[in-house]
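Heads up: the structure comes next, in structure tokens.
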Amino acid sequence: MAHRSEHVLGVDQLGKLIGVLARKGYEVIGPTVRDGAIVYDHVESAEDLPAGWTDEQEPGRYRLKRREDMALFGYAVGPQSWKKYMHPAEVRLWSAERQGGTFRILNNEVKPQRPHALLGARACELAAIAVQDRVLLEDKYRDPIYDQRREGAFIIAVQCTQAAATCFCASMGTGPQVSGGFDLVLTELIGPEGHRFLVATGSDRGVEVLTELEAVPATEEDRQQAEAGVEAARQQVRSIDTTGIKELLYKNFEHPRWDNVASRCLTCANCTMVCPTCFCTSVEDVTDITGDHAERWRRWDSCFTQSFSYIHGGSVRTSAKARYRQWMTHKLASWIDQFGSSGCVGCGRCITWCPVGIDITEEVGAIRDGGKDGNP
Amino acid sequence: MSSKSKPKPKIGVFKFASCDGCQLSLLDAEDELLGVAGAVEIAYFPEATRAMSKGPYDIGLVEGSITTYQDAQRIQEVRRQCKTLITIGACATAGGIQALRNWKDVDEFIRVVYATPQFISTLKLSTPIAEHVPVDFELRGCPINKYQLIELITATLAGRKPNVPSYSVCIECKRKSNVCITVAKGVPCLGPVTQAGCGALCPSYDRGCYGCYGPMETPNTASMTSQFRILGQADSQVARAFRGFNAWAWQFRKASEECERT
């Protein structure tokens, strides 16, 4: 629901936007080039953004490439998601001390921290944030760490104007068009009219920030160019047919394809680490050598580890087959029963960042129409 | 442990065929060392102190592999003296880099290398401690991570399970927000089949994982081998990758032997 009063910002205004947000107390996090990929990190100015870069993605393969223009958002999603800011990989829940023979819990409060402004969130990523909201905030038990980070966050969405070969958001109904869940949404426009952004607001906070920038009303041409961009991103080579997917996976608990994928799966957990909706963690208690000080830490964990399903007597899911099946069936099927939506937003990270290129869309396809041998 | 009357648990540190790097991790603990010294009696640690008290010991830390007949006897005595026996490092847990001889003719080495071969008495194989005596816990790594060692000693003293995960290096790498070097740069990396513990040290510096912590809990070495081939590695290179400090760990051993067979 792009706001009716759309405006246009010159590319020079992006630096100003970062400045305005910093002045309002936000730490601005956005895309930047590091270690051969576009990652999310602290951005100080527009100079930090990946001007003129794009990516090439295939199962198990990611490469940065130069673009012919100086687009700042001319690529698909990278290895990281906003999860690392909302649902941190490692966090101390509390510490405790032994004092005079008793056990005293210290710093049980969530540490206040500078709110984040997320610059460059794509449609699939907003969908992923909505999925994590459902999981971490909308049940009886709210996660206070996520809650604080989420509530404070200012979100500047960016419309995708191209898709990677691993993208399949269109088939998951989560993109490429951003439709809500943002404070501001930008569409990058490059052409004879210059390098500029179509901008719409999605909240009062967004309106407030926009008034501090030099925006001019958008023309019909600007809107048409923006729509053409999103249309281009809709052209995706991968897809999942989600028709009856819950029933499909439930009734194929036994299927030769699970053995086939298990022969390739490394059980390394990369797919779950890069997944923007995977939320599982484990809790570790540590003590110092004196036994007088203890801490409880929460860390990202994965259903691909043995310890994750360890109950007395051993791990419940010892085989790679059981673990891959658990992950995919939860993500695409039982998530629907549990949280009312799919756990997959079609971002394609699990495909690109699997070291052996296992492709979830291909696995679903093989279960749907694969023969008895489970070969693709 | 604020009890003043209770005697401190006694720790012994024993060395077999090794480079000493792992037991040095204990001395390298610096900030934590005083805490350790306060919590335990370091009863036998020739690398660190001449003071030696007799066993039995509450905790025995064993470094090194078994490569001689004498050591094969000595480890039996060490086991008898230690209530809890913990092996530390790739030599003690997998046979170490010296296990590369397990694929070669040791007699030939002795003839070529030593001026007086008859002085040399050695076993044909370098083997991990657990092949000789029951081991209570194996701490992996070449060298071990000092924080894992402190955690292990702390947990053992507290009677709790140590936080020493057996999953892949990839989990540590991703928690650190590293970009995967295999996917983004095509660098062959053993991280997916290697146990965590080093803090993803090499991938953090753009180097593929060398497998120093040995096989992770469920390593799919066949799939890893296929991926190395896709990344342009010849079978001889893949075999060499698996034949590092943990070459004799059975999963890596099997993987390297399969590469040699093809």
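What is the average number of partner chain Cβ atoms found within 10 Å of a Cβ in A:260-271?
So the per-residue partner count for this stretch is 6.
Which percentage, to the nearest 5, of the DSSP beta bridges contained in the stretch B:1-110 is antiparallel?
Bridges in the stretch B:1-110 are about 5 percent antiparallel.
Remind me, relative contact order of chain B in percent, using alpha carbon pairs under 8 angstrom and six or more residues apart?
Computed value for chain B: 17 percent relative contact order.
What is the ratio of the Cα radius of gyration of the stretch A:245-369 to 2.2 N^0.38 Å, where N is its residue count, to two decimals?
For the stretch A:245-369, the normalised Cα radius of gyration comes out at 1.19.
Given the protein assembly as shown, what percent of its DSSP beta bridges are antiparallel, to the nearest 5?
65
Averaged over its residues, how many other protein chain Cβ atoms are within 10 Å of peptide A:14-21's Cβ atoms?
0
Just the Cα atoms of the stretch B:10-158: what Rg and Dmax do they give in Å?
For the stretch B:10-158, the Cα-based Rg and Dmax read 16.0, 52 Å.
Cross-link list A:246/A:331; A:83/B:174; A:84/A:140; B:15/B:83; B:146/B:254: which exceed 20 angstrom alpha carbon to alpha carbon?
Beyond 20 Å between Cα atoms: A:84/A:140; B:146/B:254.
Restricting the count to DSSP beta bridges whose residues both fall in the stretch A:103-207, what percent are antiparallel, rounded to a multiple of 5?
55
In whole Å, what are the Cα extents of the stretch B:169-261 along the three principal axes, biggest one first?
Largest to smallest, the principal-axis extents are 38, 25, 19 Å.
Along the Cα→Cβ direction, 7 angstrom out, place labels at residue B:207 and residue A:111. What is the inter-label distance in nm?
3.2
Express the relative contact order of the stretch B:10-158 as a whole percentage, based on alpha carbon pairs under 8 Å and six or more residues apart in sequence.
Across the stretch B:10-158, relative contact order equals 29 percent.
Where in chain A is the longest stretch that carries no chymotrypsin sites (Phe, Trp or Tyr not before Pro) classed as loop by DSSP and with at most 12 other Cβ atoms within 10 Å?
A:1-140
How much length is gained if the chain between residue B:262 and residue B:50 is pulled fully straight, taking 0.36 nm per residue apart and subtracting their Cα-Cα distance, in nm to one decimal?
Going from the current span to full extension adds 71.1 nm.
If you wrap chain B's Cα atoms in a convex hull and average its projection over all directions, what's the area in nm²?
Reported value for the Cα convex hull: 16.0 nm².
Kindly provide the pair-distance distribution of the protein assembly as shown built from C-alpha pairs, with 10 Å bins from 0 and whole-percent values in order of increasing distance.
Using 10 Å bins, I get a P(r) of 3, 14, 22, 22, 18, 12, 6, 2, 0, 0 for the protein assembly as shown.
How long, wide and thick is the stretch B:5-46, going by the Cα atoms along their three principal axes, in whole angstroms, largest first?
Extents along the principal axes, in whole Å: 38, 22, 10.
For chain A, how big is Rg over Rh, using alpha carbon atoms and the Kirkwood form of Rh?
Taking Rg over the Kirkwood Rh, I get 1.00.
Less than 16 Å apart at the alpha-carbon level, and either on another chain or at least 8 residues along: which lysines does that give for residue A:65?
B:185
Can you list the trypsin sites (Lys or Arg not before Pro) in the stretch B:1-71 that are in a DSSP coil and have 11 or fewer other beta carbons within 10 angstrom?
The qualifying sites are B:4, B:50, B:54.
Given R₀ = 41 Å, what would the calculated FRET efficiency be for residue A:58 paired with residue A:219, taking r from the Cβ atoms and rounding to 0.05?
0.60
Taking the stretch B:208-257 as the region of interest, what is the percent of Cα-Cα pairs per 10 angstrom bin, listed from the shortest bin to the one with the maximum distance?
Values per bin, smallest distances first: 28, 62, 9.
If you find the alpha carbon centre of the stretch B:177-252 and of the stretch A:131-191, how far apart are they in angstrom?
Their Cα centres are 34 Å away from one another.
Below 8 Å between Cα atoms, with a sequence gap of 6+, how large is the relative contact order for the stretch A:7-233 in percent?
23
For peptide B:162-174, how many partner chain Cβ atoms fall within 10 Å of a residue's Cβ, on average?
Mean number of neighbouring Cβ atoms from other chains: 6.
Provide the three semi-axes, in whole Å and in decreasing order, of the ellipsoid equivalent to the stretch A:67-134 as defined by the square roots of 5 times the Cα gyration tensor eigenvalues.
Square roots of five times the eigenvalues give 40, 13, 10 Å.
Mind checking the alpha-carbon convex hull of the stretch A:176-302 and giving the volume per residue in Å³?
279
Kindly provide the helix-only [θ] at 222 nm of chain B, computed as the sum of -39,500 (n - 2.57) over DSSP H runs of four or more divided by all residues, to the nearest 500 deg cm²/dmol?
-10500 deg cm²/dmol
Readers should treat all values here as calculations from the given coordinates under stated rules, not as data from a laboratory. Computed from a prediction, not measured in an experiment: that's the story for all the values here. Methodologically, a virtual Cβ is constructed for each residue, glycine included, from the backbone with ideal geometry; neighbour enumeration extends over all protein chains shown.
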